[in-house]
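Data first, discussion second: the structure below is written as structure tokens.
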Amino acid sequence: MSRNLTVQLMTAGLMLALLIAIVINVVQFNSIEATTLEIRQKVDKNQKDLADIQDRLKKGVSVGNGGGGTTANAGGDNSGAVKLTVEDPDAKGQLVSVDPTPLMAPDAVPGGTLNIPAGSDFKGWNFLVESSTDVSAVQDVLVHGLLARRSYADPNKWHADLAQSVIVSDDFKTYHVKLRKGVKWHKPAVDFSNPRYKWLDKDHELTSDDFKFFFEMLLDDKVQGAASKRGYYKDDFDRIEIINDYEFKLHWNKKTYQSKAYSLEIFPVPRWLYAYDEDGNAYSPEIIGVKFNSHWYNDRAIGIGPYRFVEAKPGEYVKLERFPDYFGGRVAIDKINIYVVKDNDRRLLMFKKNEVDFFSMTPTQYRQEILEGEDDSPFKNGRYTITKFLRLAYRYIGWNQKSELFKDKRVRTAMTHAFDRERILSEVWVGLGKVVTSGFFYSSPAYDKSIEPYPFDLNKAKALLEEAGWVDSDGDGIRDKVIGGKKTKFEFRLYIYNNSAEYKALADIYKEDLVKIGVVLNVTPLDWPIMQKRMEDKDFEAFTGGWGLDWEPDPHQLWHSSQADAPKASNFISFKNAEADEIIDTGRKTFDPAERTKLFHRFHAIMHEEQPYTFFSVPTTVFVTNERYQNFKIQKPRPHALHRLGWIKEK
Amino acid sequence: MDSQQDGGVPIDAIDEVTYWSIVWGQFKKNKLAYGGFWATIGLVALAIYAPVIVLERPFYISYANAEGVSVTEFPWFWSLFDRLLFENGIDVFFNILLVASPLAILSGFVIARMAKGNPVKIRSKLWRRLVGTWLVLLVVVTVVVSLNPSSYPFVDYRDIYAQGVAQSELAKVTGKEATQIPSAIFPPVAQSFRNAELSEVLVDAGGNHLLGTDNRGRDVFARMIYGTRIALTIGVVAVSIYLFIGVILGALAGFFAGKVDMAVLRLIEIMRCFPTLLLIMTLVAFVDDPTIWHVMLIIGVVRWTGPARLVRGEFLKLRGEDFVAAAVASGVPQWRVIFRHVLPNALSPVLVNATFGVAVCILIEATLSFLGLGDASAPSWGETLNIGKQNGELIMILAPGFAIFITVSLLNLVGEGLRDALDPKLRR
């Protein structure tokens, strides 16, 4: 027995000794690792500094050549900013001016990585073929490929970008564009160690031909993905006339107001990449449209902007890095990682864990974190920055005007009276938004603020329905009317988005209010593609929807009677009104801002009178940024688009 | 199924002991299961009598209308079959039960009285007829009522009552001639399970709202009570559907063996390859507008493999027995051999499976509603749970969670008790 005990004791002692040895070892290793890490960080920092210095030197030289004003002094602000110039800014018809805001804020620290979430997967990266908001958000940063862009401060002004000058003729039919010289394309994101891609391994300069190719592809019916973008150009655009490598003219058929934005917002598409197959053989003109639509490079992006596309993993992430040869100067942030996170709660969690630097809050999150949050939570104590702004969009309920129920505008007005917009907005959307009475952007001059929304008033709704002939003739609590010799009950179906808790609540509440006035509402949640199909087939009675808006309104797409019966057109509800048509047509030709405002105010009044939609609200978006992300700014017309002025403050 | 054969006992005494009376005696010995059984009955009663406990319409109200004429109404009774209030087929069925179940129980007593002293055979025949008649009656009435929905104009009786009381109080204070003081009897909880009240969104528990309100201002307690109806129906109907499919397929496979058996078994294997929940979610996604009936049907169509295998096993065991050979030899048609001779002897394991199955189906429905795939208009527990989670309201997570837990535990207790009672080896 005792022998056994000794053995056991010895074993225990041995184990203990071993354990101690292991612990000591681990500690030693740790300290070695820490030292290594420190050294590596130091080296990294030195390298970064060196790159910085080189950068500044480079920019300094180029600025000097361009006749610029800034010199690269080591302690100076705007390190590396290039002064872009506009050729003859006072010329008659000159549309663009110089952007006075430097790319890097005076206090910005260069370097760092920005992590941001995206709500849905990116389907592809050919900007002409893809039109989802997530892709266009990246396009603006990465391609930076517009002739000119709207000013951050005043969206009605245009700042030169790829163009050095855009001069419009007196009749607004011809736009003469002079391009900036020496603008370099990014290198494609392909594996250059593979000899197959050797034909791509050279530098390309931006030329007029890249714009010509843009129009060739845009106007080619075989490029199916561009159908939505093609719409406007198809009717009124005439042709592009190339003068030389850096100069071209855009000709329009008609004098139209929108042609300015549509001319300035075009972006180049490189022929040297998209006109060739993977091995560098040119496509023949017959098949190029089809090939372009599903090009082998469509899963990656090409551009000329401040950031270069590095890699993407579908459903997971997209990585961008700073393009050192960017013509506009240096942007602060070095790397941008975009993570695809579809779940709202996960985005919030990632933000809290600092895995992403900003995100947009859902109403529920807003209520939980901000309205009902603890006072010392980072959302309220100032650690995170909350940015609230009205989105350029609105929500509505659409009434099918081909349906017997909603033909009568009195019925539609009654429906609006029975819809408790203010309370639904304040309770379900926790007040994030503003009730509107037309489809114009709430803060734009086109929106007539003097028009008051119809109040929530069930008695008024009842009276209107009775006036329209809808009475409860048989005492069953449901209104009815004899239509075409047949008694029809006022019962209809409302389609709502399937994956939105807010719209479900809206429908539940609306349903209960309608029962009180003798109208039966059935609710059907649908997935977006099915809903879209039903709307295109006009197979619906009512639906909840939302539209994103352009900065400059053109009601043609939604409200013109020519769009009511066109296949796949957006006037789903078949709205037809002669006066509205006339205003739309006149509006397209009117250039005087005051005159336009007058026209649109009249249009607004018609909308309010006719109630083709029950206009609901313009949404307020809440962006939250953490303390790393500095100088976060929103461009009013395109709030979803990333801007380039931010910088990262490391602890 | 009187299979007892013994020499020296008088024939009447043997007659008193049936298979099911043995099982019942055995079941009663398990106190937990026995308690669970009665608690489950209580749960069913709660589901049936939900409107008696929770409804915003009074049983009786007497008030002065706009012209000052005294009116007496009985809105509660009318609203039971008002499709503007109870739009769901499940509610219609339960409301019919609410009227029918006392009558059924009464007729049960009458039959019991009448049949006293008769031999077991005649008694059980009477019972079977009674149950059969009631079932047929119920189904017929439900179908008739569902096809001919009645509805009545919306009147807010709570408002009328409150206003009437306020007016008469005002009259008292000002000393004017008093109008009629309204009198009304409301159910104990005069709240609606569906009416959205935007002035009372996300109210805390207590006061008027026992468990608070959700983000549409609907009373959570009312939704919990009416949710019992959804849960129980889902369980019973879905299980019935899959038992129907499973038992028939299993019986055929077991009885014919050979190629039929092969085919059915392969089918079962294929079905079992897919994770049940995923398969159900996929199918639900295919339905444009999933109502509660779709959900039941889909659960039923997916989960039949369990009983099919059980029944097949029993059949394989029984098909060699003498009584089957005897039946076949005496020229009984095959379907009759299968369904009248063999099947009754193969049902007991299925019964246990079904009891557990009801619990599982309730869980599946709650899961689907929680994921937002269920019927949006039904006050299902899962949906309440989902809204609670979305809004971070603890009570709206705890209450349905607790209700699901209780129901599922009770059913499992009963199932376990039944399993033990049916197992001859455990009999003492």
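The values are calculated or read from the model by the stated rules, or taken from the named source; none is laboratory data. This structure is a prediction, so every number in the text was calculated from the model and none was measured. Because the Cβ atoms are built from the backbone with ideal geometry, glycine has one as well, and the counts that use them run over all protein chains shown. Each accessible area value is taken on the protein alone, full model and side chains, heavy atoms only, with ligands, DNA and RNA left out. Shrake-Rupley method; radii C 1.70, N 1.55, O 1.52, S 1.80 Å.
Could you list all residues from segment B:288-328 that are part of a helix (DSSP H, G or I) and of a type in the set (K, R)?
Residues of segment B:288-328 that are part of a helix (DSSP H, G or I), as a first pass: B:292-302, B:305-318, B:322-328.
The answer is B:R309, B:R312, B:K317.
Counting only residues that are more than 10 Å from chain B (Cβ to nearest Cβ) and open to solvent by less than 50 Å² (accessible area, probe 1.4 Å), give me the strands (runs of 3 or more DSSP E) lying completely in segment A:469-528 with at least 2 of them.
Numbers: elements: A:480-483, A:486-489, A:491-497, A:520-526.
The qualifying strands (runs of 3 or more DSSP E) are A:480-483, A:491-497.
Among what's in segment B:116-153 and is free of Cβ contacts under 8 Å to residues at least 40 places away in the same chain and of a type in the set (V, I, T), pick the residue that is farthest from B:A100 (Cα to Cα).
Of all residues in segment B:116-153, those free of Cβ contacts under 8 Å to residues at least 40 places away in the same chain come to B:116-118, B:122-123, B:125-137, B:139-140, B:143-144, B:147-148, B:153.
Of the ones still in play, those that are also of a type in the set (V, I, T) are B:122, B:131, B:133, B:136, B:139-140, B:143-144.
Working: B:I122: 25, B:V131: 12, B:T133: 12, B:V136: 12, B:V139: 12, B:V140: 13, B:V143: 15, B:V144: 15 Å.
Restricting to residues being free of Cβ contacts under 8 Å to residues at least 40 places away in the same chain and of a type in the set (V, I, T), the top hit is B:I122.
Mind checking which residues of segment B:308-337 are β-branched (V, I, T), crowded, with 18+ Cβ neighbours inside 10 Å and farther than 24 Å from B:N353 by Cα?
Listed by number, the list holds a single entry, B:V324.
Does B:G250 fit the bill of being more than 28 Å from B:D91 (Cβ to Cβ) and without any contact (Cβ under 8 Å) to a residue 12 or more places away in the chain? So that I can check it myself, show each step before the final result.
Details: more than 28 Å from B:D91 (Cβ to Cβ): yes; without any contact (Cβ under 8 Å) to a residue 12 or more places away in the chain: no.
Judged against the criteria, B:G250 is not a match.
Residue-by-condition table, conditions (1) out of contact with any Cys (no Cβ under 7 Å at 6 or more places or on another chain); (2) open to solvent by less than 20 Å² (accessible area, probe 1.4 Å); (3) free of Cβ contacts under 8 Å to residues at least 12 places away in the same chain:
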site: A:S284; (1), (2), (3): yes, no, yes
site: A:I287; (1), (2), (3): yes, no, yes
site: A:V290; (1), (2), (3): yes, no, no
site: A:N293; (1), (2), (3): yes, no, no
site: A:R300; (1), (2), (3): yes, no, no
site: A:G303; (1), (2), (3): yes, yes, no
site: A:Y307; (1), (2), (3): yes, yes, no
site: A:A312; (1), (2), (3): yes, no, no
site: A:V318; (1), (2), (3): yes, yes, no
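Test each condition in (1) assigned by TED's automatic domain parsing to the domain that holds A:D161; (2) of a type in the set (D, E, K, R); (3) more than 23 Å from the chain's Cα centre (by Cα) for A:K402 and report the one that comes out false.
(1)
Check whether at least one residue in segment A:411-431 is charged (D, E, K, R) and away from chain B (no Cβ under 14 Å), and report yes or no.
Within segment A:411-431, the first condition is being charged (D, E, K, R), and the residues that meet it are A:412, A:420-423, A:427.
Then drop every residue that is not away from chain B (no Cβ under 14 Å), which leaves A:412.
Yes, some residue in segment A:411-431 is charged (D, E, K, R) and away from chain B (no Cβ under 14 Å).
If I ask for residues that are open to solvent by less than 30 Å² (accessible area, probe 1.4 Å) and farther than 17 Å from A:K178 by Cβ, which ones from segment A:246-260 would you list?
If the condition is that a residue be open to solvent by less than 30 Å² (accessible area, probe 1.4 Å) and farther than 17 Å from A:K178 by Cβ, then A:W252, A:T256, A:Q258, A:S259 are the ones that fit.
Residues that are within 14 Å of chain A (Cβ to nearest Cβ), at least 2 per element: which helices (runs of 4 or more DSSP H) completely within segment B:329-428 meet that? It would help to see each step written out before you state the result.
Details: elements: B:343-346, B:348-370, B:381-391, B:394-422.
Hits in segment B:329-428: B:348-370, B:381-391, B:394-422.
Which ones in segment B:154-205 are among the hydroxyl-bearing types (S, T, Y), part of a helix (DSSP H, G or I), within 14 Å of chain A (Cβ to nearest Cβ) and surrounded by 18 or more Cβ atoms within 10 Å (Cβ to Cβ)? It would help to see each step written out before you state the result.
Applying the first criterion (among the hydroxyl-bearing types (S, T, Y)) to segment B:154-205 yields B:157, B:161, B:168, B:174, B:179, B:183, B:192, B:199.
Among the residues that remain, those that are also part of a helix (DSSP H, G or I) are: B:157, B:161, B:168, B:174, B:199.
This time we only want the ones that are within 14 Å of chain A (Cβ to nearest Cβ), so: B:157, B:199.
B:Y157, the sole residue that qualifies.
If B:R57 satisfies all but one of (1) basic (K, R); (2) without any contact (Cβ under 8 Å) to a residue 12 or more places away in the chain; (3) within 14 Å of another protein chain (Cβ to nearest Cβ), what's the number of the condition it fails?
(2)
How many residues, within segment A:432-448, are among the hydrophobic types (A, V, I, L, M, F, W, C) and either within 14 Å of chain B (Cβ to nearest Cβ) or touching a helix residue (DSSP H, G or I) at 6+ places or on another chain (Cβ under 7 Å) (or both)? Before you say what the answer is, go through the steps one by one.
The first filter runs over segment A:432-448 and keeps only residues among the hydrophobic types (A, V, I, L, M, F, W, C), leaving A:432, A:435-436, A:440-441, A:446.
From what is left, the residues that are either within 14 Å of chain B (Cβ to nearest Cβ) or touching a helix residue (DSSP H, G or I) at 6+ places or on another chain (Cβ under 7 Å) (or both) are A:432, A:435, A:440, A:446.
Total satisfying the criteria: 4.
Of the residues A:K342, A:K319, A:K352, which is at pLDDT 90 or above and outside the structural domain of A:P270 (by TED's automatic domain parsing)? Steps first, answer last, please.
Values: A:K342 fails: at pLDDT 90 or above; A:K319 fails: outside the structural domain of A:P270 (by TED's automatic domain parsing).
Result: A:K352 is the single residue among A:K342, A:K319, A:K352 that is at pLDDT 90 or above and outside the structural domain of A:P270 (by TED's automatic domain parsing).
Does A:I386 count as within 14 Å of chain B (Cβ to nearest Cβ) and within 30 Å of A:S444 (Cα to Cα)?
Numbers: within 14 Å of chain B (Cβ to nearest Cβ): no; within 30 Å of A:S444 (Cα to Cα): yes.
No: the conditions fail for A:I386.
Enumerate the pairs (first residue in segment A:593-607 and closer than 14 Å to A:H556 by Cα; second residue anywhere and open to solvent by 20 Å² or more (accessible area, probe 1.4 Å) and charged (D, E, K, R)) with beta-carbon separation below 8 Å, excluding pairs fewer than 6 apart on the same chain, so at least 6 apart or on different chains.
Qualifying pairs under 8 Å: A:F600/A:D448; A:H604/A:D448.
Quick one: is A:T36 within 55 Å of the chain's Cα centre (by Cα), modelled with pLDDT of 80 or more and among the hydroxyl-bearing types (S, T, Y)?
yes
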